[in-house]
1. Name the one entry in 30, 69, 90 that is more than 27 Å from residue 118 (Cα to Cα) and of a type in the set (Ser, Thr, Tyr).
2. Can you say whether residue 36 is of a type in the set (S, T, N, Q), under 12 Å from the mean Cα position of the chain (by Cα) and within 20 Å of residue 184 (Cβ to Cβ), as far as the supplied structure shows?
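Every number here is computed from the coordinates shown, using simple stated rules; none is lab data. The shown structure was predicted, so the numbers you read here are calculated from the model rather than taken from an experiment. Note that we place each Cβ from the backbone using ideal geometry, even for glycine, and neighbour counts take in every protein chain shown.
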Amino acid sequence: MTAPVGILLAAGRGTRFGGHKLLHPLPDGTPLGVASARALCAALDRVVAVVRADDAELAAALRAAGCETVVCSRAEEGMGASLACGVDATSDAAGWVIALADMPFIQPATIAAVTAALAQGASIAAPVLDGGRRGHPVGFAASWCEALRALSGDRGARELLHGHRDELRLVPTVDPGCVADVDSPGDLAGACARSSP
């Protein structure tokens with residue numbers, strides 16, 4: 001069994017954004033999805049990005065950022081199918097740290113803290129911002145392999161989290177990036193404003 005693996009879910013269409021969200025440049029010119037990938041790669045030795053078959057440009061950009069890529073033939077089914085695909089491709093891992101490619105402002109230290117919680121024996125781990133809102137990424141121990149591989153639809157691992165709250169270890173953070181997902185251009189503008197010094 002290997003160390004925990006990062007899984008970057010990058011197979012969505014981003015239809016609410018209007019255009020290719022994950023290739024949209026941030027203020028510094030970095031594509032949004034690439035920024036998410038770099039943060040995950042900075043905290044984990046191995047990161048697998050799950051992409052659609054028709055998204056060669058994004059796949060190439062994510063590989064250049066340090067990710068392996070896995071094409072999900074069931075991507076249209078939703079996030080659950082993409083997550084299952086990523087876990088299936090890394091089923092020998094000691095756990096998974098699952099991040100969304102449209103959350104480019106998560107700090108590597110937050111990802112490292114979730115990974116450390118898994119290493120310390122947590123079954124499930126996630127950051128919690130200022131003692132309140134749970135954020136991303138979410139870590140799962142190896143014991144969740146079959147449950148994660150069985151996911152489908154668009155709810156991702158949400159059902160597992162809701163059904164096993166007693167096994168969730170919350171990792172305190174002051175990183176607002178852990179709750180800043182980008183669904184629309186307005187979300188991006190707001191998140192950029194909050195992350196500016």
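1. That would be 30, the only listed residue that is more than 27 Å from residue 118 (Cα to Cα) and of a type in the set (Ser, Thr, Tyr).
2. Answer is yes for this residue.
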